[in-house]
Amino acid sequence: MFSHFGIKDFIDVVLVALLLYYLFRLVKISGMRPLFLGILVFMVIWILVSRVFNMVLLGSILDQFVSVGLFLLVILFQDEIRRFLMSLGSKKGWNFITKLFFPSDKQKNDKSYLTPIVLACMNMSRTNTGALIAIQGDLHLGLYEQTGEIVNADISSRLIENIFFKNSPLHDGAMIVVGKKIKAAGCILPISQNPNIPTHLGLRHRAGLGISQETDAKVIIVSEERGKISFASQGRLKMNISPEDLQRLLFEE
């Protein structure tokens, strides 16, 4: 059975395993893991029935499901597929390929501009000022910038606090940080549909989690009711963190 198993077949198996793992991570973030596992179980049953045991009648029935399965997958996982293709075409995806074939020493980027953000969040937490800040990663947030007001200003803790002040016209939306600039404020972010989100969390937390599912942005949420700081990244939400923990999470690569 394995007499003709060569290096090309080994690479083929590894690539398929990596693809399945990456897709599993994407659907896990969006809360569709049971559906993804159900599809995998169906594929295993189909292979056993059609290829191993050669059951003609049952195999032909399952073949009909598989023939239209591609269109169903596109409908069910349209957000995950779009996110997968965006990540492949992003700078992060190209950097991974470059480092895979041309490894080099990793250089730390200057992230001192994040300190004023942490300071502003600490002050807003003390005064129960609600805030939602999305820090762009490799995937661009230009689509969401257009939903708010373009600011394009240097980052400062006072400016951040003024934008999220309760009487400010932009305090209800999200702030988007790109590089060392406050790019936009008052922006509308996608709402997460994850059913596992605690029911006591409001739209601000759901929007922060939603943009972290759609992109690789790091998101800070300050609760207006409790004054607690939360952090969202890669579809995961960490609640009730300290300013020290926030700084550590932001400075992590």
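The values are calculated or read from the model by the stated rules, or taken from the named source; none is laboratory data. Source: prediction; values computed, not measured. Note that we place each Cβ from the backbone using ideal geometry, even for glycine, and neighbour counts take in every protein chain shown. Surface accessibility is based on the protein's heavy atoms, side chains included, excluding ligands, DNA and RNA. Shrake-Rupley method; radii C 1.70, N 1.55, O 1.52, S 1.80 Å.
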Item to check | Greater than 22 Å apart at Cα, pairs in K180/K228; K166/K228; K218/K238; K166/K238; K181/K238; K111/K166 | outcome: K180/K228; K166/K238; K181/K238; K111/K166
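Could the peptides 144-157, 44-57, 118-131 be put in order, highest first, of the mean number of other beta-carbon atoms found within 10 Å of their residues? Before the final figure, lay out the partial values.
On the way: 144-157: 15.6, 44-57: 11.9, 118-131: 18.9.
Top to bottom by mean Cβ count within 10 Å: 118-131, 144-157, 44-57.
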Item to check | segment 109-194 - accessible surface per residue (Å², probe 1.4 Å) | outcome: 49 Å²
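Take the solvent-accessible surface of the protein heavy atoms, probe 1.4 Å, and return the percent of it on segment 152-253 that carbon and sulfur atoms account for. Walk me through the numbers on the way to the answer.
Numbers: 2450 of 4960 Å².
The computed percentage sits at 49.
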